[in-house]
1. Of the conditions (1) in a loop (DSSP other than H, G, I, E, B); (2) surrounded by 18 or more Cβ atoms within 10 Å (Cβ to Cβ); (3) aromatic (Phe, Trp, Tyr), Tyr137 fails just one. Which one is it?
2. Among (1) in contact with a Lys or Arg (Cβ under 8 Å, 6 or more places away or on another chain); (2) more than 26 Å from Arg216 (Cβ to Cβ); (3) within 14 Å of ligand 2 (Cβ to nearest atom), there is one condition His134 misses while meeting the rest; what is its number?
3. State which residue is farthest from Pro224 (Cα to Cα) when the search covers only the range 113-131 and only residues that are open to solvent by less than 10 Å² (accessible area, probe 1.4 Å) and away from ligand 2 (no atom under 16 Å from the Cβ).
4. Considering (1) farther than 13 Å from Gln102 by Cβ; (2) open to solvent by less than 10 Å² (accessible area, probe 1.4 Å); (3) modelled with pLDDT of 95 or more, say which one Val33 fails and leave the rest.
5. Which members of the range 148-195 meet the condition of being touching a strand residue (DSSP E or B) at 6+ places or on another chain (Cβ under 7 Å), within 12 Å of ligand 1 (Cβ to nearest atom) and either under 22 Å from Phe93 (Cα atoms) or open to solvent by less than 10 Å² (accessible area, probe 1.4 Å) (or both)?
6. Return yes or no: is Leu175 of a type outside the set (Asp, Glu) and assigned to a helix (DSSP H, G or I)?
7. Give the residues of the range 56-95 that are more than 16 Å from ligand 2 (Cβ to nearest atom), assigned to a helix (DSSP H, G or I) and buried (at least 18 other Cβ atoms within 10 Å of the Cβ), sorted by residue number.
Amino acid sequence: MPSEMISAIVPLNAFEDNYIWAIPVRLNDSGGVAASTTAIIVVDPGDAAPVLRYLEDNGVQLAAILVTHHHGDHTAGIAELVAHRARGLVPVFGPARDNIAQVTHPVRGGERIELPEFGITFEVLDLPGHTRGHVAYYHRGLLFCGDVLFGAGCGRVFEGTMAEMQASLAKIAALPADTLIYCAHEYTQANLRFARAVEPDNTAIAARAKRVAQQRAAGLPSVPSTLTEERATNPFLRWDAAAVIAAATARRGSPPGNAIEVFTAIREWKNSF
Ligand code: ZN
Ligand code: FE
């Protein structure tokens, strides 16, 4: 995918550290994500204000809203955005199992979302664990994954089980290696401090920490990252790595029997880190 298309996806800042992703699309565009834009699709608008400002500043329409899960920092702006677009209906896609009031198009894993007038489709992935119904949206090597996978970290397991969360992360890990990970929070720097505690000798983590520190100092987002990068540095995708298994063994006091037990030990450690 040409780089100008990727850089055309814009992170809108919300709250302390949320990103609302704005995906540019063009009417009757057959190629999907468009460099020249007449509308945007937004992912997880927890706040309407930054989205409305972007629509106004760029003279574009709101094509659709994608929601990954029911938490307020991902949903609280939906009602105002829908009300604001008096002209025509803005479809709101969201997980059927998370029961979000403003969702007009409930979706489930395995489904495909189609916006024919914008020539764009997304595949829906079921990724339970953070919430029961959490989904992600995948379009041609781009993954919008809400609070499941973060830069060098993962979401807390609030509603599902550790086994469900590990399976959800494994589902992401199985996507093409060059998949770009558009997560919903800027947590990478803090997550890398934990990653270094888990794997002090992992040079990829040290290199990433240095790069992310420079990005943040320059006021730039540390995301999207690539799946390759996450597999090399994210302790929550590294249940197979000897150093992570050793760290899990030390935490548990006995060797983990499988990937779920490795993940659980590391996730519980992070909860109190
Ligand atoms: Zn959340
Ligand atoms: Fe969140």
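The values are calculated or read from the model by the stated rules, or taken from the named source; none is laboratory data. What you see is a predicted model; the values in this text were computed from it and never measured. For neighbour counting, all protein chains shown are included, and Cβ atoms are generated from backbone atoms with ideal geometry for every residue, glycine included. The protein model used for the area step is the full one, side chains on, heavy atoms only, and it has no ligands, DNA or RNA in it. Shrake-Rupley method; radii C 1.70, N 1.55, O 1.52, S 1.80 Å.
1. Looking at each condition in turn, Tyr137 falls short on (1).
2. (1)
3. The selected residue is Leu115.
4. Result: Val33 passes all but (3).
5. Within the range 148-195, Val148, Phe150, Cys183, Ala184, His185 qualify.
6. no
7. Scanning the range 56-95 gives Leu81, Val82.
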